[in-house]
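Peer 1: Below are the structure tokens for one structure; questions will follow.
The values are calculated or read from the model by the stated rules, or taken from the named source; none is laboratory data. The model shown is predicted, which means the values in this text are computed figures rather than measured ones. Note: ideal-geometry Cβ built from the backbone for every residue, glycine included; neighbour counts use all protein chains shown. Accessible surface areas use protein heavy atoms only, side chains included; no ligands, DNA or RNA. Shrake-Rupley method; radii C 1.70, N 1.55, O 1.52, S 1.80 Å.
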Amino acid sequence: MHNKNSFPSSIPKTISQSIYNYIKDSIINNKFKANQKINEKEIAQLFDVSTTPVREAVLRLGAEGFVTINSHRESVIKEVSYKELKNIFQVLGTLDSLATGLAAGNISPENLKKIEEMTDEMERYCSIDYVEKYMAINLDIHNKIWESVPNKFLQTTLHYVNNHMLRYNYARFHAYRKHGALERSMADHKEILKDLKNKDKTKLENLMLKHWISLLELPTFNDGLKEYLKK
């Protein structure tokens, strides 16, 4: 049973949205494990509501691929797999390549300065002792670039795919601790910053695609993912 203090302190406009956020955050943060059954009654008690808004939230998460609902209407956390993560890398790499190319001519001096500051900060944490901090800043940099994308539908799609990537953070933490992974990532980000400053759309598109795919091609990183995910 989860403590009532564990649900979000800032309640969105509907209770179903609050419950959706709570379950989704619990999945992403590995509090709800793969193949774990969702206890809808327990969550309803946590929020002091009927099971109806819980069911609404679960169905939404099912449609988004975070939850599997079987023929008995039982809801379980979807299993993670190396194959799915590889597919996510490929899709996110393609989308991020398009997005960064579009952002190149649209990014403000203020956003560019912020990306430069975050890149410098990330380099200070480029160590296996600070992998989680490194990855958090890494994500912030991508989010800051996406803010400058003039295509709002593309922005929404990027965040949707990236949410699925976040489910694999623990596998990625493990893989980033392998030899050469952080260094490869950091080198790419320095090039990304340089090409953003130069507004070089073609270089950025090619580099961002390589940025995602090359990590999977790095044997140590790839082996780290497989060790954690087992399949």
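Here's the yes/no breakdown for (1) of a type in the set (Ser, Thr, Tyr); (2) out of contact with any strand residue (DSSP E or B) (no Cβ under 6 Å at 6 or more places or on another chain):
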site	(1), (2)
52	yes, yes
56	no, yes
61	no, no
64	no, yes
69	no, no
78	no, no
84	no, yes
89	no, yes
93	no, yes
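Peer 1: Related question: Test residue 168 against the stated conditions and say whether it is surrounded by 17 or more Cβ atoms within 10 Å (Cβ to Cβ) and in contact (Cβ under 8 Å) with a residue 40 or more places away in the chain. Walk me through how you get there before you give the answer.
Peer 2: On the way: surrounded by 17 or more Cβ atoms within 10 Å (Cβ to Cβ): yes; in contact (Cβ under 8 Å) with a residue 40 or more places away in the chain: yes.
Criteria met by residue 168.
Peer 1: Now for a separate question. Quick one: which of 134, 130 is closer than 21 Å to residue 171 by Cα, of a type in the set (Ser, Thr, Tyr), in a helix (DSSP H, G or I) and out of contact with any helix residue (DSSP H, G or I) (no Cβ under 8 Å at 6 or more places or on another chain)?
Peer 2: 130
Peer 1: Using the structure shown, decide if residue 208 is in contact with a Ser or Thr (Cβ under 9 Å, 6 or more places away or on another chain), buried (at least 20 other Cβ atoms within 10 Å of the Cβ) and in contact (Cβ under 8 Å) with a residue 12 or more places away in the chain. Give the derivation first.
Peer 2: Working: in contact with a Ser or Thr (Cβ under 9 Å, 6 or more places away or on another chain): yes; buried (at least 20 other Cβ atoms within 10 Å of the Cβ): yes; in contact (Cβ under 8 Å) with a residue 12 or more places away in the chain: yes.
So residue 208 fits the description; yes.
Peer 1: Return the residue satisfying two criteria in turn: it lies in the range 100-127 and is without any contact (Cβ under 8 Å) to a residue 24 or more places away in the chain and in a helix (DSSP H, G or I), and of such residues it is nearest to residue 180 (Cα to Cα).
Peer 2: Residues of the range 100-127 without any contact (Cβ under 8 Å) to a residue 24 or more places away in the chain: 109-110, 113, 117, 120-121, 124-125.
Applying the additional criterion that residues be in a helix (DSSP H, G or I) yields 109-110, 113, 117, 120-121, 124.
Values: 109: 32, 110: 32, 113: 28, 117: 23, 120: 19, 121: 19, 124: 16 Å.
Checking each candidate, the answer is 124.
Peer 1: Going by what's in this entry, would residue 143 be described as farther than 30 Å from residue 38 by Cβ and open to solvent by less than 80 Å² (accessible area, probe 1.4 Å)? So that I can check it myself, show each step before the final result.
Peer 2: Working: farther than 30 Å from residue 38 by Cβ: no; open to solvent by less than 80 Å² (accessible area, probe 1.4 Å): yes.
Judged against the criteria, residue 143 is not a match.
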